[in-house]
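Some notes on the structure that comes next.
The values are calculated or read from the model by the stated rules, or taken from the named source; none is laboratory data. Values in this document were obtained by computation on a predicted structure and should not be read as measured data. Neighbour counts are summed over all protein chains in view; Cβ atoms, including those assigned to glycine, are modelled from backbone coordinates with ideal geometry. Just the protein is used for accessible areas: all its heavy atoms, side chains included, with ligands, DNA and RNA removed. Shrake-Rupley method; radii C 1.70, N 1.55, O 1.52, S 1.80 Å.
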Amino acid sequence: MTTKGHISQFIEKYYLHFNAAALVDAAKGYEDQLNNGAKMLVSLAGAMSTAEIGKIFAEMIRQDKVQIISCTGANLEEDIMNLVAHSHYKRVPNYRDLTPQDERDLMDKGLNRVTDTCIPEEEAFRRIQEHIVKIWKEAEAKGERYLPHEYMYKLLLSGVLEEHYEIDIKDSWMYAAAEKNLPIICPGWEDSTMGNIFASYVLKGELNPSTMKSGIEYMTFLAEWYTNNSENGIGFFQIGGGISGDFPICVVPMLYQDMERTDTPFWSYFCQISDSTTSYGSYSGAVPNEKITWGKLDVDTPKFIIESDATIVAPLVFAYLLGM
């Protein structure tokens, strides 16, 4: 086991109750999973890449603390945007005070706001677009088809963006994942800037929709991966809510019920960092036990929910796992 550093010792000493205690329990449960030979899926919702989670998540990948990732299309691309356009980002700490006209002024300057951070359209979106479109078209010309993250891996590993790097490459979780060819699930990729750009080329008749593999193919890809890697269990660490968590967790009941593979094990661990409250029909805010009724978790599956800001909590959990 990794010798624990000052951050880990701090949270063990002072994080003793309520959400603080849940954080420590969840981190220890995650560590137990890995020590017992289980693998771990981490899902990224929200704007975790723009929140620069790569500064610590990349090291989680390098140290084999995560074996598969599920993320939104935004998180897939925004880590790369931060890599190539970081100096052009604009922080807006007083974002709560902005008027509608202030927001329009930001848009007119090509600054797309994510809470307190504006992503620069020209330097981020267009810089990636210039190169990724060539990769899409080259694949189509060869009659090849790939999943969205596979195209991003090709982009990163090709080296064409190197001249634009504005942060330490070690702080890019996508680059760390590309180096390991880590499996990624990216459901609903169409709901992203690059997804919109791809759709625009389809509308212009310059690309065929089938050049990009679909969400159904992501699910079948995940089903095969789960089947081949679940001998010692697979845990589920969910950051936020939404499709990046909802989509992959369903692979277990799909295999068990729809494929009638009744030897498929449930997820062996579950933790969600969420600020969503339990409400009428809210899935993101549902307590983990509800997932038992859907055939995702079992009665004795270790279950944790940390009701807090993921940008605060996730780095602390990861620091514990890295022995910091």
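For the stretch 22-31, putting each phi into the Karplus relation 6.51 cos²θ - 1.76 cosθ + 1.60 with θ = phi - 60° gives couplings of 4, 4, 5, 4, 5, 5, 5, x, 4, 4 Hz, in residue order, rounded to whole numbers and with x for Gly and Pro. Computed over protein heavy atoms with a 1.4 Å probe, the accessible surface of the stretch 1-92 works out to 42 Å² per residue. In order along the stretch 158-169, the phi-based Karplus estimate (6.51 cos²θ - 1.76 cosθ + 1.60, θ = phi - 60°) of 3J(HN,Hα) comes to 6, x, 5, 8, 4, 5, 9, 4, 10, 10, 5, 4 Hz; Gly and Pro are listed as x. Taking 37 °C and 0.692 mPa s as conditions, the stretch 14-130 diffuses translationally at an estimated 198 µm²/s according to Stokes-Einstein applied to its Kirkwood radius (Cα pairs). Loop-located chymotrypsin sites (Phe, Trp or Tyr not before Pro) in the stretch 284-324 (DSSP state other than H, G, I, E, B) with a sparse environment of at most 15 neighbouring Cβ atoms within 10 Å: Trp294. Per residue, the convex hull around the alpha carbon atoms of the stretch 69-123 comes to 91 Å³.
Among Met107, Met48, Met324, the sequence by solvent-accessible area, most first, with a 1.4 Å probe is Met107, Met324, Met48.
Amide hydrogen proximity for Leu207: with H placed 1.01 Å from N in the peptide plane, the residues at 5 or more positions away or on another chain lying under 5 Å are Val202.
Per the Kirkwood formula on distinct C-alpha pairs, the Rh of the stretch 33-96 is how many angstrom?
Evaluated over the stretch 33-96, this radius sits at 13.3 Å.
Quick one: accessible area per residue over the stretch 171-320, 1.4 Å probe, rounded to a whole number of Å²? Walk me through the intermediate numbers first.
On the way: 6680 Å² over 150 residues.
Accessible area per residue: 45 Å².
Backbone phi angles across the stretch 226-238, fed through the Karplus curve with coefficients 6.51, -1.76 and 1.60 (θ = phi - 60°), yield HN-Hα couplings of 4, 4, 7, 10, 9, 4, 10, x, 9, x, 10, 10, 9 Hz in residue order; Gly and Pro are listed as x.
For the stretch 43-200, taking Cα atoms only, Rg and Dmax work out to 15.7, 51 Å respectively. For Glu307, nonlocal amide neighbours, meaning residues 5 or more places apart or on other chains whose placed amide H falls under 5 Å from its own, are Ser274. Starting from a Cα-only point model with no solvent, please compute log10 I(q)/I(0) by Debye for the stretch 133-280 at q = 0.08, 0.09, 0.11 1/Å. For the stretch 133-280, the Cα-only Debye profile gives -0.29, -0.37, -0.55. FRET efficiency for the pair Tyr283 and Ser210, taken as 1/(1 + (r/R0)^6) with r the Cβ-Cβ distance and R0 = 45 Å, rounds to 0.90.
Please report, largest first and rounded to whole Å, the three semi-axes of the ellipsoid equivalent to the chain, where each semi-axis is the square root of five times an eigenvalue of the C-alpha gyration tensor.
On the way: eigenvalues 198, 128, 75 Å².
Rounded to whole Å, the semi-axes are 31, 25, 19.
Return the inverse of the average 1/r over all pairs of distinct C-alpha atoms in the stretch 138-209, which is the Kirkwood hydrodynamic radius, in Å to one decimal.
On the way: mean 1/r = 0.0726 Å⁻¹.
Computed over Cα pairs of the stretch 138-209, the Kirkwood hydrodynamic radius comes out at 13.8 Å.
The H on the amide N of Leu147, modeled in the peptide plane, is under 5 Å from the matching H of Lys213, each at least 5 residues off or on a different chain. Kirkwood analysis of the stretch 220-324, using all unique Cα-Cα pairs, places the hydrodynamic radius at 14.6 Å.
Mean separation of Cα pairs under 8 Å and 6+ residues apart, divided by the residue count of the chain: what relative contact order is that in percent? Spell out each step's value before the answer.
Numbers: 526 pairs, mean separation 90.1, N = 324.
So the answer I get is 28 percent.
Ordering of 168-179, 233-244, 82-93 by packing is 233-244, 168-179, 82-93, highest average first (other Cβ atoms within 10 Å, averaged per residue).
Using the empirical formula 2.2 N^0.38 Å as the baseline, the Cα radius of gyration of the stretch 13-61 reaches a ratio of 1.36. Heavy-atom accessible surface of Glu163, to the nearest 10 Å², is about 150 Å², with a 1.4 Å probe and all protein chains retained. When only alpha carbons are used to place a centre, the stretch 1-28 and the stretch 201-225 end up 41 Å from one another.
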